[in-house]
Structures are given as structure tokens and as C-alpha cells.
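Nothing in this text is a laboratory measurement; each read-out follows from the coordinates by a stated rule. These numbers come from a predicted model, not from an experiment. Every residue, glycine as well, gets a Cβ built from its backbone with ideal geometry; the counts of neighbours run over all protein chains shown.
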Amino acid sequence: MTLEELKAQMTLAVKKFQETGEMGDIQAVTKAMDKAKADIAKEQATKLQAEAVALAGSREALAGRIHAAVKALGLDKAITDVKGWGFIYKVDKANPAELDITYKTVSLSTAVVKTRKAGGTGGGGGGKSKEEYGMSLTEIVAKFATPEELTAIAAADSNSKSWQLKVAVKKAAIAAGKLAPAK
């Protein structure tokens, strides 16, 4: 059964409900819609695919015209001057999912700058200790902690408590003059 046939049946079922208060037909059509969901989705996908195929040539031609216009405006150099390699332009109120959205700019495609993140398991992370002392907190603990301190850190009941004990080892090493800033 097609979506159009199901819609027509639902219209009749709603009309009957409004006249008689009987919901049986609405429930029956709803069940039929649930059963036909996969077929309806396939039918709609086939329509969208056919539309995409029909528009492919026009879309390719438009893409060529847009590319030529960008080049003619000298935007290639302007984009590369700011270390970009392209842009995304969206048409105001054209996206069916965002009909009320108005765009004020384009999105430039540029390199993503990765920043070092502190923390992490296994040590060697890019945290404050690594920057200041040339060793991660885990490396400092491995080098300067006493066996008792290592046991207390291992027995800590939370990450927070473990971190506090590790920082205490670091502070003790600094106070004893065993750990000096790398810079």
C-alpha cells in the first residue's frame, strides 16, 4: 500500500471518527501505516534518488559556474592569504530543517589547530608539571615517591585523592630541591 493510499484511508477514518466517535478505523489505518513503514521509506528514498539523478547535470553545471565566479572575484588568493583552502556558503532559509535561519557569513575551511590536553592515564601527558618541570606528574611520582607514598597513592579510593597524594610528592621534591623548573 502506498503512502498516498494510506493518507486517503486515514482521511476517511478521521471523517468517520468526527461523525460517529468510532476510532476503530483510525487504529486500523495506524497499524497498516506501522506495517508499511519500510515500504513507505523505500518509496520515498526511490523518489529522492530519482530527483537527485535528474538534477545531477544541473548541479554540476551550477558548481562549475560558482567555481568560475569565485576565481573571477579573486577569492582564491584572499582565502589562501588567511591560510584557508575553501569555504562553505549556505543560502538563507533554504534548508528544510532550518527554514528560519539567516546566515551572516560563510564558513572558511582552515587547518584545525590541535591543542595539547592535560591529564590522561598512563602519564606523560601535556599537563602543567610537564611544561614547568619537563616531567609529567606520573614521572615525578615514579622518580621521587617513597615506597610508603606509592602504596598510599595505589590505595587511594578516588582519582581526586590519588592526584592530591601525587601533588604532595611533587611539592616535597620541590621543597627538598630535587625538582627544579625546566625553564
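In this rough spin-label picture, where each label sits 7 Å from Cα along the Cβ direction, the Ile40-Phe17 distance is 1.4 nm.
Centroid-to-centroid, using Cα positions, segment 127-183 and segment 1-18 are 72 Å apart. Radius of gyration over Kirkwood radius for the chain, both on Cα atoms: the Rg/Rh ratio is 1.32.
What shape does segment 1-73 take by its C-alpha gyration tensor, where a ≥ b ≥ c are the square roots of the eigenvalues and a/c under 1.5 counts as rounded, a/b above b/c as prolate, and the rest as oblate?
prolate
For the chain, the Cβ-based charge dipole about the Cα centre amounts to some 1060 debye (Lys, Arg positive; Asp, Glu negative; other atoms uncharged). Remark on Gly86: its backbone amide H falls under 5 Å from those of Ser109, a criterion applied only to residues 5 or more positions apart or on other chains, H modelled at 1.01 Å from N.
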